[in-house]
Amino acid sequence: MDYQDYIWDLGGTLLDNYETSTAAFVETLADAGIRASHDDVYKALKISTPYAIAQFASGIPQFLQTYKANEAIELAHPVLFEGASDLLKKIIARGGRNFLISHRNDQVLEILEKTEILTDFTEVVTSSRGFKRKPNPESMLYLKDKYQIENGLVIGDRLIDTEAGQAAGFATYLFDNMENLEQFIKI
């Protein structure tokens, strides 16, 4: 194992949520009388939620709140990527630590509890902590200082994850699947 500490993103990295988020977004648009293709929304959400809103719903008042409410209903049954839980546990068994940074609110804690991985994290940082959103490295620098992280890897599925990690002085991995990640970290 090349790293001691692993800083994870949740959605699209550990949690297979893009299909769920896309369905909720398209549904919210439809409720507002707007049609958009699943694939176009999916691609936009992969960039970021604010980007998707700017592309499809910039003139809809309260769209973000309605979308997040619909998404929360869909996320009541979260699904991890195959192998995610096992990988977190392998890291701990080899003396490593896992951290999680999410732009979501404390609903993340419920998702982690439902998927039975909450205890696999040394600390979980959510939006309720008030840190600036990635790609700002503020939340990663907080973890780096608090836990004296010297040999860390940031794992995320979007460029904002790797940009934040690099700005905080960490190695980064742009997630594509668990098998490739396990090979990369040599576990």
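The values are calculated or read from the model by the stated rules, or taken from the named source; none is laboratory data. The structure presented is a predicted model; accordingly, all values stated were derived computationally and were not measured. A quick note on method: Cβ atoms are made from the backbone with ideal geometry, for glycine too, and the neighbour counts reach across all protein chains shown. In case anyone asks, the SASA skips ligands and DNA or RNA and just uses the protein heavy atoms, side chains included. Shrake-Rupley method; radii C 1.70, N 1.55, O 1.52, S 1.80 Å.
Condition first: assigned to a helix (DSSP H, G or I) and open to solvent by less than 60 Å² (accessible area, probe 1.4 Å). Can you find one or more residues in region 60-68 that meet it?
Yes, the conditions are met somewhere in region 60-68.
In region 39-57, is there at least one residue being more than 26 Å from P137 (Cα to Cα) and among the small types (G, A, S)?
Within region 39-57, one or more residues are more than 26 Å from P137 (Cα to Cα) and among the small types (G, A, S).
What tally of residues in region 4-25 results from selecting those that are assigned to a helix (DSSP H, G or I) and either farther than 19 Å from P78 by Cβ or open to solvent by less than 10 Å² (accessible area, probe 1.4 Å) (or both)?
4
Residue under question is L153, and the condition is that it be over 22 Å from P50 (Cβ atoms) and not in a helix (DSSP H, G or I); does it hold?
Criteria met by L153.
For region 100-151, give me the residue count where each residue is farther than 13 Å from L15 by Cβ, basic (K, R) and open to solvent by 50 Å² or more (accessible area, probe 1.4 Å).
So the answer is 5.
Give the residue that is nearest to L14 (Cα to Cα), with candidates limited to residues of region 82-99 that are open to solvent by 60 Å² or more (accessible area, probe 1.4 Å) and either within 15 Å of the chain's Cα centre (by Cα) or not small (G, A, S) (or both). Give the derivation first.
Start the filter on region 82-99 by keeping residues that are open to solvent by 60 Å² or more (accessible area, probe 1.4 Å), which leaves 82, 86, 89-90, 92-94, 97.
Next, only the ones that are either within 15 Å of the chain's Cα centre (by Cα) or not small (G, A, S) (or both) stay: 82, 86, 89-90, 92, 94, 97.
Details: E82: 9, D86: 11, K89: 13, K90: 15, I92: 16, R94: 19, R97: 15 Å.
Here the residue is E82.
Has region 72-95 got at least one residue that is among the basic types (K, R), touching a Ser or Thr at 6+ places or on another chain (Cβ under 9 Å), assigned to a loop (DSSP other than H, G, I, E, B) and not assigned by the TED database to the domain that holds G33?
no
When region 126-156 is examined, which residues are found to be polar (S, T, N, Q) and over 16 Å from the mean Cα position of the chain (by Cα)?
Of everything in region 126-156, those that are polar (S, T, N, Q) and over 16 Å from the mean Cα position of the chain (by Cα) turn out to be Q148, N151.
From L75, L100, L64, which residue is within 25 Å of L153 (Cα to Cα) and touching a residue at least 12 places away in the same chain (Cβ under 8 Å)?
The conditions single out L100.
List, please: which pairs have Cβ atoms under 8 Å, are six or more places apart or on different chains, and start with a residue in region 119-146 that is acidic (D, E) and end with one that is not in a helix (DSSP H, G or I)?
D120/N98; E123/F99; E123/L100; E138/F131; E138/K132
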